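Just so it is clear, none of the values below were taken in a lab; they were calculated from the coordinates. Model, not experiment: these values are computed from the prediction. Note that we place each Cβ from the backbone using ideal geometry, even for glycine, and neighbour counts take in every protein chain shown.
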Amino acid sequence: MYQPIENYGAIGNVRTIALAGMDGSIDWFCYPDIDSPSIFGAILDDSKGGRFRIAPADETVRRKQSYWPSTNILVTRFFNDEGIAELQDFMPLRRGSIIPGSICRRIRGVRGQVRFRIECSPAFDYGRQPHRVTICRHGARFDSPSLALSLSSSIPLREAGCGSVTGEFVLDQGQTVLLILGPCGDGEIALPIPSESGAEDLFNETVNYWRAWLSACDYRGRWREQVERSALILKLLTFQPTGAIVAAATCSLPEAIGAGRNWDYRYTWIRDAAFTVYAFLRIGFKEEAAAFIDWICKYVARDQDAAEGSHTLLTVRGELPINEQVLSH
């Protein structure tokens, strides 16, 4: 079942972005980079696109989604007569060092008792590559011809066919369950799940990263909270390894269902990026503007045609985009 686009929130690590819906399902995620093929693409194809869903078994629960204040950590709350639970989604970040790209999903029991179901069904390379599932002590591993990912879990998982894994648990007040999807460790089937204190450290480091970044904002006018939220989202659209800025996190979302205008916006469109740089400069984010200009200069230095303004969009690495693909499946 497709959700309205406004039901999605974004998380990211300034290298790639995932979109998580109010139903607890991550329906869009490209890995390891924002322009890599999708791992989860249910936002485009509900049956074959792949998803990672953590949600109450009771589908009639009420839902509310918001961001942890001054961060890009997404919080989805589920309410029913039996209890309240909170799902925290984030991609770990630590200022001054690199954390391998992964998605952390932490579920906390707030009140009463809530039964949850987990479904993780990746679809590598836009659903074009098959993969093998291995259930192991710390969770599960997914191996495709081009990529391997591990799902570390604090609860047992089981294979459910069609390349997916599932799990079920009852969450009591004060209890925490953690799942981490990310790269496989050397020689490991799935990486051990962090302790509760280790998970709290990942969360706090990510909170500190976003708040330290946002502290550079010098905007003090009206609607400050909304301006800062917009800045946080724009920061997710930057590609830290090069300084490029993409137009959007998604591709192939049609302007109208059945129409042909399904573009890929995971490129740097020079005009759009210029507006973003202007917005950053207006509110104090000079580093992002400088990184983007440095990226442009490096590109122009190695491509004489660029100096003539002949290209309207580039990849995040400053290359000309590859030929357009049609995903007919």
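Structure values in brief
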read-out: Choice from Gly112, Gly127, Gly21 showing the highest fluctuation, given a GNM over the chain with Cα pairs closer than 10 Å; value: Gly112
read-out: Cleavage-rule hits (trypsin sites (Lys or Arg not before Pro)) in the stretch 209-316: DSSP loop, at most 16 neighbouring Cβ within 10 angstrom; value: Arg220, Arg222, Arg261
read-out: Net +/- balance of residues flanking Lys286 in space, Cβ distance below 15 Å, scoring K and R +1, D and E -1; value: -2
read-out: Gain on full stretching of the segment that runs from Gln226 to Glu119 - 0.36 nm per residue minus C-alpha separation; value: 35.2 nm
read-out: Qualifying chymotrypsin sites (Phe, Trp or Tyr not before Pro) for the stretch 163-245 [loop in DSSP, other Cβ within 10 Å: at most 11]; value: Trp223
read-out: Global form of the stretch 1-119, assessed from the alpha-carbon gyration tensor, a/c cut-off 1.5; value: oblate
read-out: Label point 7 Å beyond Cα of Ser146 along Cβ direction - residues of the stretch 25-69 with amide nitrogen under 15 Å; value: 29-41
read-out: Charge tally in the Cβ shell below 12 Å around Gly101, where Lys, Arg are +1 and Asp, Glu are -1, Gly101 excluded; value: 0
read-out: Helical contribution to [θ] at 222 nm, DSSP H n ≥ 4, -39,500 (n - 2.57), averaged over the chain, rounded to 500; value: -6500 deg cm²/dmol
read-out: 10 Å-binned pair-distance histogram of the chain (Cα, whole percent); value: 5, 25, 33, 25, 10, 2, 0
read-out: Normalised contact order of the stretch 179-311, rounded percent, pairs of Cα under 8 Å and 6 or more residues apart; value: 18
read-out: Kirkwood-type radius of the stretch 169-273, with distances r between different C-alpha atoms, in Å; value: 18.2
read-out: Orientation-averaged projected area, Cα convex hull of the stretch 224-314 (nm²); value: 7.1
